[in-house]
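Here is the structure we will look at, set down as structure tokens.
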Amino acid sequence: MAGTITLTRDGAVATLTLSNPDKLNAFDKPMWHALIGHLSALEADEGTRVVVMRGGPGSNGARTFSPGADISEFESERNSPEQGSSYGDLMDEGLDGLRALRHPVLAAIDGPCCGIGLAVALACDLRVCSESSRFGVPVSRLGISMGPTELKLVADVAGGPAALEILLEGRVFGAAEAKDKNLVHRVVADEGFEAEIAAAVQRIAAGAPLAATLHKRYVRRLSDPAPLTGAEIAECYRCFGTEDFREGYRAFLEKRKPVFTGR
């Protein structure tokens, strides 16, 4: 059966669940199409405050994020340079959409997170993993390289020397080493994983959504050495004219929790 990605909502929290249980959530073509469609819907959803990306259980009940690509597709979908390039364009659309999404995205990683599964996690804004999670990019064993967008994600997050170690050795390694390589922000004990994900989601959702969007945009923009334009600088300060700004400082002075509306 083909894989899919489901989108569910619980108030201001949206969850994208990877589901290809017979293959431990390996990414296939239908999953990329589903992801792109869901990202389009989320971009237009003003009620969402945070998005969680996570893996559903494998058919044997095993915990997993995604071990990478569905290799069984290679013969039919990626069996020539032209097919490889076309499939790469599809993956790039999904990865770029994740990075550009206006809402914060938290990758909740529990179990294998390798290859393109790791690239998807790196395209998210925050990554929290369980102690039993495993990471790596063993694509050289398949005689292929990662595509340019995936390579840039690994190099930008881990740094060039660590990226080369990950790619050239093709090792699968544990959560502690992933943290050392900056691939994840936090490692959580298996028994406390769900509680920490829930707490992180609450913290993110409690913030002003306009501020979150600006933080996402400008942290990435400032990695570009080109100076900010006057218009870009002005956009950072438009928040001082918003309803959320007035609600935020008034709530602070009144010693109550703010209720942000995204306006």
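Please enumerate the residues belonging to segment 186-198 that are closer than 25 Å to Arg9 by Cα and touching a helix residue (DSSP H, G or I) at 6+ places or on another chain (Cβ under 8 Å). Steps first, please.
Step one: filter segment 186-198 for residues closer than 25 Å to Arg9 by Cα, giving 186, 188, 190-198.
Arg186, Val188 - these are the residues of segment 186-198 that are closer than 25 Å to Arg9 by Cα and touching a helix residue (DSSP H, G or I) at 6+ places or on another chain (Cβ under 8 Å).
Just checking, which of Gly37, Gly88, Gly47, Gly84 is more than 15 Å from the chain's Cα centre (by Cα), in a helix (DSSP H, G or I) and within 22 Å of Thr213 (Cβ to Cβ)?
On the way: Gly88 fails: within 22 Å of Thr213 (Cβ to Cβ); Gly47 fails: in a helix (DSSP H, G or I); Gly84 fails: within 22 Å of Thr213 (Cβ to Cβ).
Answer to the check: Gly37.
Tally the residues that are part of a strand (DSSP E or B) and either at pLDDT below 95 or open to solvent by 10 Å² or more (accessible area, probe 1.4 Å) (or both), restricting the search to segment 58-72. First the steps, then the outcome.
We begin by selecting, within segment 58-72, every residue part of a strand (DSSP E or B); these are 66, 69.
Among the residues that remain, those that are also either at pLDDT below 95 or open to solvent by 10 Å² or more (accessible area, probe 1.4 Å) (or both) are: 69.
Of the residues in that region, 1 qualify.
Would a scan of segment 192-200 turn up a residue that is closer than 18 Å to Met53 by Cα and among the acidic types (Asp, Glu)?
Looking for residues that are closer than 18 Å to Met53 by Cα and among the acidic types (Asp, Glu), one finds at least one in segment 192-200, hence yes.
Can you name the residue in segment 38-57 that is open to solvent by less than 30 Å² (accessible area, probe 1.4 Å) and small (Gly, Ala, Ser) and is also farthest from Gly262 (Cα to Cα) among such residues?
Taking segment 38-57 and keeping what is open to solvent by less than 30 Å² (accessible area, probe 1.4 Å), we get 39, 42, 48, 50-53, 55-56.
Filter once more, so that each one left must be small (Gly, Ala, Ser): 55-56.
Values: Gly55: 29, Gly56: 31 Å.
The extreme case among them is Gly56.
Hey, any hits in segment 168-175 for a residue that's touching a strand residue (DSSP E or B) at 6+ places or on another chain (Cβ under 9 Å), at positive phi and part of a loop (DSSP other than H, G, I, E, B)? Before the answer, list the steps.
Looking only at segment 168-175, we keep the residues that are touching a strand residue (DSSP E or B) at 6+ places or on another chain (Cβ under 9 Å), and these are 169-175.
Narrowing the set further to residues that are at positive phi leaves 170.
Checking the rest, the ones that are also part of a loop (DSSP other than H, G, I, E, B) come to 170.
Looking through segment 168-175, at least one residue is touching a strand residue (DSSP E or B) at 6+ places or on another chain (Cβ under 9 Å), at positive phi and part of a loop (DSSP other than H, G, I, E, B).
Across segment 1-20, what is the total count of residues that are over 14 Å from the mean Cα position of the chain (by Cα) and either β-branched (Val, Ile, Thr) or open to solvent by 50 Å² or more (accessible area, probe 1.4 Å) (or both)? Steps first, answer last, please.
Of all residues in segment 1-20, those over 14 Å from the mean Cα position of the chain (by Cα) come to 1-4, 6-13, 19-20.
Add one more test, that the residue is either β-branched (Val, Ile, Thr) or open to solvent by 50 Å² or more (accessible area, probe 1.4 Å) (or both), and what stays is 1-2, 4, 6, 8-11, 13.
Residues in segment 1-20 being over 14 Å from the mean Cα position of the chain (by Cα) and either β-branched (Val, Ile, Thr) or open to solvent by 50 Å² or more (accessible area, probe 1.4 Å) (or both): 9 in total.
The values are calculated or read from the model by the stated rules, or taken from the named source; none is laboratory data. All values derive from a computational prediction rather than experimental measurement. Methodologically, a virtual Cβ is constructed for each residue, glycine included, from the backbone with ideal geometry; neighbour enumeration extends over all protein chains shown. Only protein heavy atoms, including side chains, enter the accessible area calculation; ligands, DNA and RNA are left aside. Shrake-Rupley method; radii C 1.70, N 1.55, O 1.52, S 1.80 Å.
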